[in-house]
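Student: Once you've had a glance at the structure underneath, I'll fire off some questions.
No lab work stands behind these numbers, since they all come straight from the coordinates. Source: prediction; values computed, not measured. Cβ placement follows ideal geometry from the backbone for every residue including glycine, while neighbour counts extend to all protein chains displayed.
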Amino acid sequence: MILLFHPRAVKPRSRRLPLAVMALAAVLEGREEYEIVDGNVDDDPLSTLLHLIDTHHVELLGVSVMPGPQMAAGMEVCREIRKLRPQIPIAWGGYFPSIYPEATLNARYVDYAVRGQGEETLLELIEAIRGLRTPDTILGLSYKDKFGMHRSNAERPMKGPDSFPWMPFHRLPVEKYLRPSFFGKRTAVHHASIGCPFNCSFCGVHAAYGRTEKFESPARTEAILTHLVEKYGADSVQFYDMNFFLREDHAVELMNRIAGLNLRWWCEARVDIMSRYSDDTMRAIKRGGCAMIFFGAESGSDWALQEMQKGITTEETLIMARRTREVGIIPEFSFVVGNPKDPERDTRETLAFVRKIKRINPDAEIIIQHYTPTPQRGAMYGDVDDKVSFPSSPAEWASKEWMDFTLRVDTRAPWMKRETKRLIDNFETVVASRWPTVQDIRAPRWGRYLLQTLSAWRYATGVYSAPYELVWAQRFIDLRKPKRESL
């Protein structure tokens with residue numbers, strides 16, 4: 001038996017279908033005995049895994065790991081498995097081992113690190129465990145040899161979703177994952193592509209999953225969504241693609257196919273690509289059910305965007321702020337603030353740019369975060385390679401200092417003055433209070449009104465320092481929200 005483990009990453013109300021392990025399950029379905037254990041649903045995944053190990057012949061424990069809370073949860077479970085059942089080989093796959101393969105293998109309880117797309121690598125690793133091939137022949141695999149030395153094979157070329165079978169939804173209690181959201185009462189998730197063709201130097205996605213983007217055919221996307229609607233009653237969906245609208249012809253065909261499903265949905269896209277779409281295409285996207293689009297605007301400074309190799313301009317962001325308002329789609333604009341070469345200027349210009357967006361489209365949602373370097377297989381944005389020394393093991397990544405770094409609570413960037421960080425954080429608090437996010441469906445109406453009233457003078461006058469009353473109000477409202485964690 002093969003065990004696929006998805007460590008807990010979110011609170012129950014935020015859990016969604018574990019697409020990473022479901023993609024692996026799809027290639028095992030019908031050819032291997034396997035079980036999926038999801039820590040977001042199972043309250044005691046360690047006990048479940050130990051029971052399966054003791055009652056079946058388990059050949060491999062495969063663990064999907066994202067940086068942050070999921071990595072910490074996976075680390076704790078795998079450490080116990082190695083202590084209690086040391087004969088079980090353990091492989092980590094997903095974003096964390098793809099970006100940090102050396103740190104992953106420095107953990108004594110991890111034998112293999114699968115980098116990038118894992119479906120074929122998993123099948124070949126099973127063959128290696130059975131003695132049918134050697135690990136050095138498996139693309140995309142990092143591992144420990146018989147002397148304990150770390151070895152990393154060449155990268156595995158990416159394949160599009162159509163190269164693999166459908167995810168086996170029937171192997172999971174899907175009803176437990178269709179949670180309420182701003183988009184609907186039963187929100188599903190789907191990933192219709194892999195990879196990213198752009199070269200943003202602050203992002204680790206292309207380092208993990210390649211510089212090309214391979215799309216699922218519109219017909220297959222339609223079929224899967226139809227299945228989720230008809231079989232499980234899904235009424236909304238979040239698409240996890242890095243660039244959901246990469247080609248206009250693909251977008252139009254997909255919109256025409258899914259419009260009849262009456263789904264409300266969220267996706268990610270680029271302002272440069274969508275700013276060139278026709279008005280007819282924008283209206284088709286709205287008819288297709290699009291309620292919100294996330295855009296990586298990243299900076300309000302064109303010079304900073306050029307240094308990031310983002311490939312967009314501030315003018316294109318403003319165009320999409322206007323065009324989304326015209327068709328009734330809510331835009332989310334995310335900003336990575338704190339250019340290492342001139343963080344004060346970047347901050348000053350970006351905050352002014354956010355105010356300009358809000359004048360064009362008051363409904364625009366704003367996400368602001370400090371620049372957090374991601375290890376690249378090359379140079380990191382801002383020439384900070386010698387300014388950040390990353391942890392060498394999962395245990396170090398699980399420390400409070402590096403967990404805060406991962407979650408962008410406090411990146412401790414040495415090029416950022418404390419007062420600049422405070423300005424960014426305070427501005428974000430004021431903006432988030434002046435326009436509370438529509439995605440927080442638990443926030444009471446009176447709470448939204450309270451935040452808007454308290455923050456109005458600050459936003460109008462540009463006084464952002466020490467917004468203690470807003471922080472207090474946010475905490476008070478959080479305490480008054482209905483608690484439904486057990487649902």
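Student: How big is the charge dipole of segment 268-373 about its Cα centre, in debye rounded to the nearest 20, if each Lys and Arg gets +1 on its Cβ and each Asp and Glu gets -1 on its Cβ?
Tutor: Numbers: 16 positive and 17 negative charges, 74 e Å.
That gives segment 268-373 a dipole magnitude of about 360 debye.
Student: What is the pair-distance distribution P(r) of segment 2-141, computed from all Cα-Cα distances in 10 Å bins starting at 0, with each bin given as a whole percent?
Tutor: 12, 47, 36, 4, 0
Student: Of T453, L50, H227, which is farthest on the positive side of the dipole of the chain, counting Cα position, with +1 on Lys and Arg Cβ, -1 on Asp and Glu Cβ, and the Cα centre as origin?
Tutor: Toward the positive end, the furthest listed residue is T453.
Student: Additional query: With Kirkwood's inverse mean 1/r over C-alpha pairs for Rh, give me the Rg to Rh ratio of the chain, two decimals please.
Tutor: Using only Cα positions, Rg/Rh for the chain is 0.96.
Student: Next question. Taking the Cα centre of the chain as the origin, how large is its charge dipole in debye, to the nearest 20, when only Lys and Arg (+1) and Asp and Glu (-1) carry charge on their Cβ atoms?
Tutor: Working: 66 positive and 63 negative charges, 309 e Å.
Using Cβ point charges on Lys, Arg, Asp and Glu, the chain gives about 1480 debye.
Student: Considering only DSSP beta bridges where both residues belong to the chain, give the percentage that are antiparallel (nearest 5).
Tutor: Numbers: 9 of 49 bridges.
Once the DSSP bridges in the chain are tallied, antiparallel ones form about 20 percent.
Student: Also, quick follow-up: At a Förster distance of 30 Å, what's the computed FRET efficiency of S399 paired with E469, Cβ-Cβ distance as r, to 0.05? Mind showing how you got there, number by number?
Tutor: On the way: r = 33 Å, r/R0 = 1.10.
Given R0 = 30 Å and the Cβ-Cβ separation, E is 0.35.
Student: Once you've got the Cα coordinates, tell me which of K11/K231; K11/K356; K310/K417; K144/K231 are over 32 Å apart. Let's see the in-between values first.
Tutor: Working: K11/K231 25 Å; K11/K356 35 Å; K310/K417 25 Å; K144/K231 44 Å.
Cα-Cα > 32 Å for K11/K356; K144/K231; rest within.
Student: Right, next: Which value in nm describes the separation of the simple spin-label points at E230 and I360, placed 7 Å from the Cα toward the beta carbon?
Tutor: 4.2 nm
Student: Round to a whole angstrom and tell me the spacing of the C-alpha centers of segment 350-423 and segment 50-119.
Tutor: Their Cα centres are 28 Å away from one another.
Student: OK, next. At a Cα cut-off below 18 Å, give the lysines reachable from K83, other chains included and same-chain residues fewer than 8 away excluded.
Tutor: K83 reaches no qualifying lysines.
Student: Would you calculate the separation in nanometres between label points at Y240 and E127, each defined as 7 Å from the Cα along the Cα-to-beta-carbon direction?
Tutor: 2.7 nm
Student: Something else about it: What do the square roots of 5 times the Cα gyration tensor eigenvalues come to for segment 69-197, in whole Å, largest first, as semi-axes of the equivalent ellipsoid?
Tutor: Working: eigenvalues 168, 78, 43 Å².
They are 29, 20, 15 Å, listed largest first.
Student: Starting from 0.36 nm per residue, how many nanometres of slack lie between E32 and S217 once their C-alpha separation is accounted for? Spell out each step's value before the answer.
Tutor: On the way: separation 185, 0.36 × 185 = 66.60 nm, distance 2.71 nm.
Fully extending the segment from E32 to S217 adds 63.9 nm.
Student: Restrict the search to segment 110-202; then list the trypsin sites (Lys or Arg not before Pro) that DSSP places in a loop and that have at most 12 other Cβ atoms within 10 Å of their Cβ. If you can, show how the numbers build up before the last one.
Tutor: Details: sites: R115, R130, R133, K144, K146, R151, K159, R171, K176, K185, R186; in loops: R115, R130, R133, K146, K159, K185, R186.
For trypsin sites (Lys or Arg not before Pro) across segment 110-202 that sit outside H, G, I, E and B with at most 12 neighbouring Cβ atoms in 10 Å, the list reads R130, K146.
Student: Pick out, from L318, G382, L351, the residue whose Cα sits farthest towards the positive end of the charge dipole of segment 303-411, with +1 on the Cβ of Lys and Arg and -1 on the Cβ of Asp and Glu.
Tutor: Of L318, G382, L351, it is L318.
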